[in-house]
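The values are calculated or read from the model by the stated rules, or taken from the named source; none is laboratory data. Remember, predicted model here, so these are calculated numbers, not experimental data. Here the Cβ positions follow ideal geometry from the backbone for every residue, glycine too, while neighbour counts run over all protein chains shown. Protein only, heavy atoms only, side chains kept; ligands, DNA and RNA dropped before computing areas. Shrake-Rupley method; radii C 1.70, N 1.55, O 1.52, S 1.80 Å.
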Amino acid sequence: FSSGLTAMEKKLAEYKCNTNEAIQLKLVRFPEDLEDDNTTFNPEYSHQVFGDDEVAFGYKGLKILLYYIAGNLSTLFRIEYTSKVNEKFDCVEADDVESKIREIIPPGFCTNTDDFVSLLEKEVNFKPFGMLLHTYSVHNEEAGEDITYQIYKADMTCPGFQEYHERLQTFLMWFIETASFIDIDDERWNYFLVFEKYNKDGATLFATVGYMTVYNYYVYPDKTRPRVSQMLILPPFQGEGHGAQLLETVHRYYMSSPTVLDITAEDPSDNYVKLRDFVLVKLCQDLFCFSPEKLMQGFSQEMVMEAQQKLKINKQHTRRVYEILRLRATDMGDAEQSRSYRLDVKRRLIGPYKKKQRELAKMRRCLRPEELTNQLNQIDLNMQHEQLEESFQQLVSDYRRVLERLAQA
């Protein structure tokens with residue numbers, strides 16, 4: 001019996017597909033893109049739809065096709081496979097892949113290629129939503145030419161934007177680890193969108209590159225504090241500097257508003273922090289309070305005030321900008337200068353440790369000595385120094401990357 005079971009298990013194991021590989025995404029501009037494997041990309045994550053193991057059971061050669069028209073993101077959704085388990089013979093049921101995908105993509109998608117291609121012909125009518133904030137160009141090696149991009153600010157009052165946004169936000173599920181869809185009825189959301197201009201049969205068309213959502217928190221009595229919620233540059237466009245353009249444009253948009261205090265971010269990823277470091281340092285480097293002689297005198301209230309008033313940067317981020325710019329102004333080969341820099345940064349890094357020690361001291365006062373283990377009694381100072389040194393080295397290497405990128409900008 002047991003050997004029979006393993007044979008059955010083996011057979012069923014063949015019907016497991018990794019959903020990150022099975023899901024095939026495309027942004028389609030021309031009919032020939034449909035057949036071109038180079039235009040296909042896959043999700044980084046699918047756990048929010050298919051569970052933590054990111055597996056669909058019941059199929060061999062499963063392909064979940066999610067093709068989007070490059071601009072307005074009209075969708076083609078199809079499922080293909082070479083074979084499927086059968087309840088009659090295999091006594092097991094295949095996962096209902098279709099209903100899982102239908103939960104996150106809005107209705108009104110195409111299910112066959114012909115309908116999709118005929119929609120593609122109407123794409124010439126698609127125009128970006130909202131108000132143009134910024135135009136920039138990037139030299140494209142492959143095309144051997146400069147490509148033009150535009151950033152727009154949109155909101156739900158723009159005709160057609162709500163439906164477009166529903167299609168756009170489905171990408172969050174595949175590329176942001178803890179993505180969630182937002183409440184579009186809340187008027188405090190702002191949407192910033194990046195588009196590429198491209199030519200097709202002599203006409204100018206627009207392709208979706210990425211976007212950012214920002215929530216305007218109310219601060220008593222008459223101010224707001226915009227908080228970046230989600231930001232995504234679609235994979236075919238990653239690594240070309242669009243994230244930096246978008247974030248800088250958003251800062252410049254809010255800079256002009258007297259009611260905005262400063263800009264924050266919700267639960268930022270490491271990549272976002274690196275991007276923000278670069279953009280904020282770029283914005284701040286010419287401020288008077290960040291001149292080399294000022295940097296050498298240490299972090300000051302003046303820096304906090306000037307960065308907040310002129311650039312809407314909050315105190316915590318200003319501190320990082322100061323540390324990055326001070327690193328640039330410091331001769332790390334000079335023992336005195338590098339020691340002074342190291343102490344300055346470590347003093348900030350030790351804050352959380354000190355807080356922990358204060359909390360422990362409080363616990364000690366509340367608990368009887370025998371309830372406190374020795375381990376709590378004595379935070380190992382050597383370990384603390386090692387962790388601190390490690391954090392410091394990691395920061396400096398992150399900071400150097402920001403400065404390298406700045407030097408190339």
Counting only residues that are among the hydroxyl-bearing types (Ser, Thr, Tyr) and more than 25 Å from TRP174 (Cβ to Cβ), which one in segment 192-247 is least open to solvent (accessible area, probe 1.4 Å)? THR224
Going by what's in this entry, would GLU302 be described as outside the structural domain of ILE233 (by the TED database), closer than 25 Å to GLY243 by Cα, charged (D, E, K, R) and in contact with a helix residue (DSSP H, G or I) (Cβ under 8 Å, 6 or more places away or on another chain)? no
Give the residues of segment 319-360 that are under 11 Å from LEU295 (Cα atoms) and either of a type in the set (A, V, I, L, M, F, W, C) or touching a residue at least 60 places away in the same chain (Cβ under 8 Å) (or both), sorted by residue number. VAL321, GLU323, ILE324, LEU325, LEU327, ARG328, ALA329
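Report yes if some residue within segment 150-159 is under 29 Å from GLN24 (Cα atoms), out of contact with any helix residue (DSSP H, G or I) (no Cβ under 8 Å at 6 or more places or on another chain) and aliphatic (A, V, I, L, M); otherwise report no.
Checked against the condition, which is being under 29 Å from GLN24 (Cα atoms), out of contact with any helix residue (DSSP H, G or I) (no Cβ under 8 Å at 6 or more places or on another chain) and aliphatic (A, V, I, L, M), segment 150-159 yields no hits at all.
Answer yes or no as to whether LEU343 is assigned to a helix (DSSP H, G or I) and open to solvent by less than 50 Å² (accessible area, probe 1.4 Å).
So LEU343 fails the test.
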Complete set of residues in segment 124-148 that are under 15 Å from GLU163 (Cβ atoms) and either outside any loop (DSSP other than H, G, I, E, B) or open to solvent by less than 80 Å² (accessible area, probe 1.4 Å) (or both): ASN125, PHE126, PRO128, PHE129, GLY130
If SER338 satisfies all but one of (1) assigned to a helix (DSSP H, G or I); (2) open to solvent by 50 Å² or more (accessible area, probe 1.4 Å), what's the number of the condition it fails? (2)
Give the number of residues within segment 346-367 that are open to solvent by 100 Å² or more (accessible area, probe 1.4 Å) and either farther than 14 Å from ARG319 by Cβ or in contact with a helix residue (DSSP H, G or I) (Cβ under 8 Å, 6 or more places away or on another chain) (or both). 7
Counting only residues that are in contact with a Ser or Thr (Cβ under 6 Å, 6 or more places away or on another chain) and closer than 25 Å to VAL260 by Cβ, how many does segment 196-216 have? 3
Starting from residues that are assigned to a loop (DSSP other than H, G, I, E, B) and touching a residue at least 60 places away in the same chain (Cβ under 8 Å), keep the ones in segment 230-258 and report whichever is farthest from ARG276 (Cα to Cα). LEU234
Can you tell me which residues in segment 94-119 are open to solvent by less than 60 Å² (accessible area, probe 1.4 Å) and in contact with an Asp or Glu (Cβ under 9 Å, 6 or more places away or on another chain)? ALA94, ILE105, PRO106
